[in-house]
Amino acid sequence: MNRISEKLKENKKILSIYFTAGYPSIDDTVSVLEALQESGVDMVEIGLPFSDPLADGPTIQASSTQALKNGMTTQLLFNQLKDIRKKIDIPLVLMGYFNPVLQYGVEDFCKKCQEIGIDGLILPDLPVAEYKEHYQEIFENYGLINVFLITPQTSNDRIKEIDSVSNGFIYMVSSASVTGGTHGFGKSTKDYFKRISEMKLNNPQILGFGISNADTFNSATKYAKGAIIGSAFIKMLSNEGFKGIKKFIKSIR
Amino acid sequence: MKYNVNDKGYYGEFGGAYIPEMLYPNVEELRQQYISIMQEPSFQKEFNALLKEYVGRPTPLYFAKRLSEKHNTKIYLKREDLCHTGAHKVNNTIGQILMAQRLGKKRIIAETGAGQHGVATATVCALMGLECIVYMGAIDIERQAPNVARMKMLGAKVVPAISGSKTLKDATNEAIRDWINNPADTHYIIGSVVGPHPYPDMVARFQSVISSEIKSQLLEKEGHENPDFIIACVGGGSNAAGAYYHYLDTPEVGIIAVEAAGKGVNSGESAATSALGKIGIIHGSKTLLMQTPDGQITEPYSISAGLDYPGVGPMHAHLFASGRGEFISVTDDDAMNAGIQLSKLEGIIPAIETSHALAIFETRKFKPSDIVVVNLSGRGDKDLNTYIDYFNL
Ligand SMILES: Cc1ncc(COP(=O)(O)O)c(C=O)c1O
């Protein structure tokens with residue numbers, strides 16, 4: 001069974017970390033993963049850097065630009081992760097934009113993910129309709145869970161549609177924004193969390209965007225199965241390097 | 001309707017809406033409403049009145065006698081350079097500002113490269129009293145100071161895009177991010193036939209006034225509506241889409257698209273997307289784009305800031321792939337010379353974008369009896385500094 005599905009069954013809140021592959025240095029991908037697993041993180045999103053990351057704020061943009069400058073490519077990432085399952089057993093998700101996947105070849109990409117032991121994909125600019133029509137079968141053939149986003153603006157009907165094509169979890173974006181916001185959650189955000197949790201969807205929700213510390217993590221996981229920290233982790237990594245990872249994760253929970 | 005958009009938002013295999021979910025409600029609202037809003041009699045009335053009274057349409061279809069003699073064929077120039085603000089861009093911004101008002105939006109955002117679309121957007125925002133924010137690459141802000149000043153005079157806020165390569169594609173990314181951050185009250189006025197469906201189709205419809213006028217003007221001058229060829233430069237492709245629109249499904253009319261070869265198609269400094277691009281996704285559209293084998297979008301180059309885009313609208317990708325359009329690329333040098341030639345022969349100083357379209361007469365020969373319409377997309381005032389530097393004027 002897929003590691004994500006296993007993990008979601010555990011009776012605990014999920015702490016998931018996003019980081020950009022090949023950042024800060026090209027060879028850091030595996031070391032960051034090891035440090036995250038050791039620190040007790042439940043799941044990791046490995047960011048495949050893209051030249052034009054539309055949905056990302058300045059922090060993740062800058063890390064992507066740096067990773068590309070460092071020479072990161074899709075193939076290089078696959079090479080770096082070749083033996084990752086000898087060391088890492090927590091669920092791994094690749095997160096990136098659709099164009100690099102398209103250029104690699106969607107089927108080849110999925111096949112490679114399966115070989116390596118990647119459990120799921122998050123491709124924010126691959127729309128539900130295209131996924132259903134062209135790609136769902138391929139993703140599922142290779143045992144990959146595809147994760148869709150919902151936002152406070154997503155209608156209930158569309159949320160139900162997204163729930164019906166999802167096979168792992170739903171990535172619940174905390175507010176109308178690109179990644180990296182730091183403001184806490186106000187009343188309308190909490191109302192949105194409540195509204196979604198009351199919809200009793202088939203797929204659990206994991207909250208992302210704007211989760212940066214224990215406070216936001218706790219208030220997010222009051223309503224959702226887990227939460228994802230991205231920009232705040234990358235900022236910490238830029239400032240403190242690997243040695244900051246353990247302390248950072250400890251400060252969250 | 002073979003070459004126009006289908007009901008799923010595709011031109012052949014090109015188009016669609018590859019957008020993050022955060023943009024879905026806005027783009028979907030537009031998709032559901034754009035056609036019905038455009039067809040409302042009150043919309044049509046206001047749009048046409050503004051095109052006439054404010055933009056100065058119809059623009060002339062001018063028979064260029066001396067240019068025709070020089071190239072031994074019959075050349076007409078569609079004078080979009082005479083539009084208010086100096087280029088065709090305003091046809092689209094007038095349409096979209098009326099659209100934004102009917103959708104109840106209070107805040108307008110736009111991207112710009114050379115500043116032409118930014119000026120055209122700032123102009124209509126001033127006209128309607130709406131807040132206007134224009135994203136422009138930090139490098140372009142330096143290169144295009146007069147247009148930055150014009151936007152400011154018109155009351156717009158110009159925000160530098162400091163990410164990536166700091167030019168048009170990054171300004172577009174910033175505009176899209178702004179729209180993600182402001183989903184309720186903001187309309188994004190995109191400047192060409194690019195972006196997610198329905199933008200390419202909506203912008204093409206607003207620009208289609210160009211070919212509908214050409215039809216009636218040719219009928220008056222030549223006794224028939226169809227030229228043998230219609231020529232336009234292609235950056236994103238909006239002036240070209242407007243000039244081709246009513247001829248797309250008329251195979252007797254040859255469609256010629258001119259792209260910027262920069263310093264040469266194989267020089268590594270070029271913007272000839274059809275020659276150098278591969279199918280992929282840029283700014284929400286599946287189309288031809290310049291990219292690395294790994295799928296990273298690359299930075300194009302052209303002396304003309306308005307042709308300096310790494311993609312091309314999905315309509316044009318389809319015209320190229322299907323063979324309906326003939327695609328030619330023109331270097332900086334040939335374009336600059338064609339700009340001088342038109343100035344000297346006809347007393348019209350063209351925008352450097354437009355000079356690319358004019359340059360093909362040196363190599364692409366036409367019959368003396370051919371009727372060839374060139375879409376004169378803009379005037380050269382904005383490019384004087386480039387002309388001065390290039391020719392040491
Ligand atoms: C005069 C002129 N022509 C052409 C273009 C290229 O745009 P498009 O291909 O959308 O017509 C521009 C863009 O700035 C322009 O200013």
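Looking at the range A:2-65 from every direction and averaging, what is the projected area of its Cα convex hull in nm²?
Numbers: hull surface 21.1 nm².
Hull-based average projected area comes out at 5.3 nm².
Annotation: amide H-H contacts under 5 Å for B:GLU269 (H modelled 1.01 Å from N, sequence separation of 5 or more, or interchain): B:LYS263.
Per residue, what volume in Å³ does the Cα convex hull of the range A:31-95 take up?
Details: hull volume 6.2 nm³, N = 65.
That works out to 95 Å³ per residue.
Name the long-range amide H neighbours of B:GLY254: under 5 Å, sequence gap of 5 or more, or other chain; modelled H, no Pro or chain starts. Excluding prolines and chain starts, which carry no amide H, the hits are B:PHE229, B:ILE230.
For A:LYS13, a cut-off of 16 angstrom between C-alpha atoms picks up these aspartates and glutamates, skipping any fewer than 8 places away in its own chain: A:ASP42, A:ASP215.
What is the gain in length, in nm to one decimal, between B:ALA184 and B:LEU219 on full extension, counting 0.36 nm per residue of separation less the C-alpha to C-alpha distance?
On the way: separation 35, 0.36 × 35 = 12.60 nm, distance 4.58 nm.
Length difference between fully extended and current span is 8.0 nm.
In this simple spin-label model, placing a label point 7 Å from the Cα along the Cα-to-Cβ direction at both B:LYS70 and A:ILE26 gives a separation of 5.1 nm.
Considering every pair of different Cα atoms, what Kirkwood radius, in Å, is found for the range A:14-252? Intermediate values should be presented prior to the final figure.
Working: mean 1/r = 0.0558 Å⁻¹.
Evaluated on the range A:14-252, it is 17.9 Å.
Placing a pseudo-label 7 Å from each Cα along the Cα-to-Cβ vector at A:LYS87 and A:PHE242 gives an inter-label distance of 0.8 nm. Counting only DSSP beta bridges whose two residues both lie in chain B, roughly 30 percent are antiparallel. Shielding by partners for peptide A:63-71, expressed as the average number of C-beta atoms from other protein chains within 10 Å of each residue's C-beta, is 1.
When you look at the Cβ of every residue in B:4-17, what mean number of other chain Cβ atoms sits within 10 Å? Spell out each step's value before the answer.
Working: counts 0, 0, 0, 0, 3, 1, 0, 0, 0, 0, 0, 0, 3, 4.
Taking the mean over all residues of the peptide, I get 1.
Note on the range B:180-307: Cα convex hull, mean projected area over all directions, 10.0 nm². Calculated FRET efficiency, B:ILE340 to A:SER188, Cβ-Cβ distance, R0 = 56 Å: about 0.40 to the nearest 0.05.
For the range B:71-122, the set of trypsin sites (Lys or Arg not before Pro) satisfying both a DSSP loop assignment and a count of at most 16 other C-beta atoms within 10 Å is given as B:LYS106.
Of A:LYS112/B:LYS278; A:LYS132/A:LYS187; A:LYS246/B:LYS286, which ones are farther than 32 Å apart at the Cα?
Working: A:LYS112/B:LYS278 23 Å; A:LYS132/A:LYS187 35 Å; A:LYS246/B:LYS286 42 Å.
Cα-Cα > 32 Å for A:LYS132/A:LYS187; A:LYS246/B:LYS286; rest within.
Here the Kirkwood formula, the inverse mean of 1/r across different C-alpha pairs, assigns the range A:40-145 a hydrodynamic radius of 14.4 Å. Across chain A, the mean sequence separation of Cα contacts (distance under 8 Å, 6 or more residues apart), normalised by length, yields a relative contact order of 22 percent.
Place the peptides B:307-319, B:332-344 in order of packing, highest mean first, counting for every residue the other Cβ atoms within 10 Å and averaging per peptide.
On the way: B:307-319: 29.0, B:332-344: 19.9.
My ranking of the peptides, most packed first, is B:307-319, B:332-344.
Quantify how strongly other chains surround peptide A:130-136 by giving the mean number of their Cβ atoms within 10 Å of each of its Cβ atoms. Let's see the in-between values first.
Values: counts 5, 0, 0, 1, 0, 0, 0.
Averaged over the peptide's residues, the number is 1.
Within straight-line reach of A:LYS247, meaning a Cα separation under 18 Å, sit the following lysines at least 8 residues removed in sequence or on another chain: A:LYS235.
For the range B:261-376, place one equal point scatterer on every Cα, skip the solvent, and apply the Debye formula. What is log10 of I(q)/I(0) at q = 0.20 Å⁻¹? Treating every Cα as an identical point scatterer, log10 I(q)/I(0) equals -1.12. The share of Cα pairs per 10 Å bin across chain B, counted from zero up to the longest distance, runs 5, 26, 37, 25, 7, 0 percent. Taking other Cβ atoms within 10 Å as a rough exposure proxy, A:ARG85, B:ARG57 sort from fewest to most as A:ARG85, B:ARG57.
Order these by the 10 Å Cβ neighbour count, fewest first: B:THR292, A:THR74.
The fewest-first ordering by Cβ neighbours comes to B:THR292, A:THR74.
Using the alpha carbons alone, the radius of gyration of the protein assembly as shown stands to its Kirkwood radius in an Rg to Rh ratio of 1.00. The fewest-to-most ranking of A:LEU77, B:LEU219 by surrounding Cβ atoms within 10 Å reads B:LEU219, A:LEU77.
The calculated FRET efficiency for B:SER36 paired with B:ASP370, based on their beta-carbon distance and R0 = 41 Å, is about 0.55. Extending 7 Å from the Cα toward the beta-carbon at both A:ASN141 and B:ASP333 defines two label points whose distance is 5.1 nm.
Simple rule: put +1 on each Lys or Arg Cβ and -1 on each Asp or Glu Cβ in the protein assembly as shown, find the dipole, and look at B:ALA126, B:ILE214, B:VAL372; the Cα lying farthest toward the positive end is B:ALA126. Do any of A:LYS86/A:LYS250; A:LYS160/A:LYS194; B:LYS78/B:LYS215 go past 19 Å between their Cα atoms, and which? Checking Cα-Cα distances, A:LYS86/A:LYS250 exceed 19 Å.
Any read-out appearing in this document is the output of simple, stated calculations on the displayed coordinates, not a laboratory observation. Not measured: the values here are computed from a predicted model. Cβ sites come from the backbone with ideal geometry, for glycine too, and all protein chains shown count toward neighbours.
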